[in-house]
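Accompanying notes for the structure given below.
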Amino acid sequence: MSISVYGIKNCNTMKKAFDWLAAKGLSYDFHDYKKAGISEGKIAEWMEQVEPAKLVNNRGTTFRKFSDEMKANFKDAAVAKEMMLENQSVIKRPIIEKDGKVVVMGFDEEEYQKVFA
């Protein structure tokens, strides 16, 4: 089983995910899209698997800084993709893939238990 974790290292939700994975002895590859960026192709892959609006961290400070009009436009897949490329901080975190497929976004211990049982 191959696990990839995407997010921003200095994020409280990410820390919860890292701690949970470590406690379960699960190894993973980490991609910090704040430092390494994220490719248009990777966002497109996620958008094929998950509704684009669900990829957006609409609780974060980056999202809150957008105008109401821009926030409403995130429902449009092309706009959401462009904004995620320009503002990686607006991408929900963590996004965790197992064997190349998105299996969980954010942190919910019960969901992690189900996915990694």
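Couple of notes before you dig in:
- Among helices (runs of 4 or more DSSP H) entirely within the range 11-101, having at least 3 residues that are open to solvent by less than 80 Å² (accessible area, probe 1.4 Å) singles out 12-23, 40-49, 68-73, 77-86.
- Test result for ALA80, in contact with a Pro (Cβ under 9 Å, 6 or more places away or on another chain), small (Gly, Ala, Ser) and on the phi < 0 side of the Ramachandran plot: yes
- Hits in the range 102-117 - residues which are open to solvent by less than 20 Å² (accessible area, probe 1.4 Å) and not β-branched (Val, Ile, Thr): GLY106, TYR112
- Filter pass, MET14 being among the hydrophobic types (A, V, I, L, M, F, W, C), touching a Pro at 6+ places or on another chain (Cβ under 6 Å) and more than 18 Å from LYS101 (Cβ to Cβ): yes
- Test: residue in the range 61-74 that is of a type outside the set (S, T, N, Q) and under 16 Å from GLY106 (Cα atoms): yes
- Some residue of the range 60-82 being charged (D, E, K, R) and within 26 Å of PHE116 (Cβ to Cβ): no
- Counting residues in the range 102-116 that are part of a helix (DSSP H, G or I) and touching a helix residue (DSSP H, G or I) at 6+ places or on another chain (Cβ under 6 Å) gives one or more.
The values are calculated or read from the model by the stated rules, or taken from the named source; none is laboratory data. These figures come from a predicted structure and were not determined experimentally. Every residue, glycine among them, receives a Cβ derived from its backbone with ideal geometry; neighbour counts consider all protein chains shown. Remember, those area values only see protein heavy atoms, side chains included, never the ligands or the DNA or RNA. Shrake-Rupley method; radii C 1.70, N 1.55, O 1.52, S 1.80 Å.
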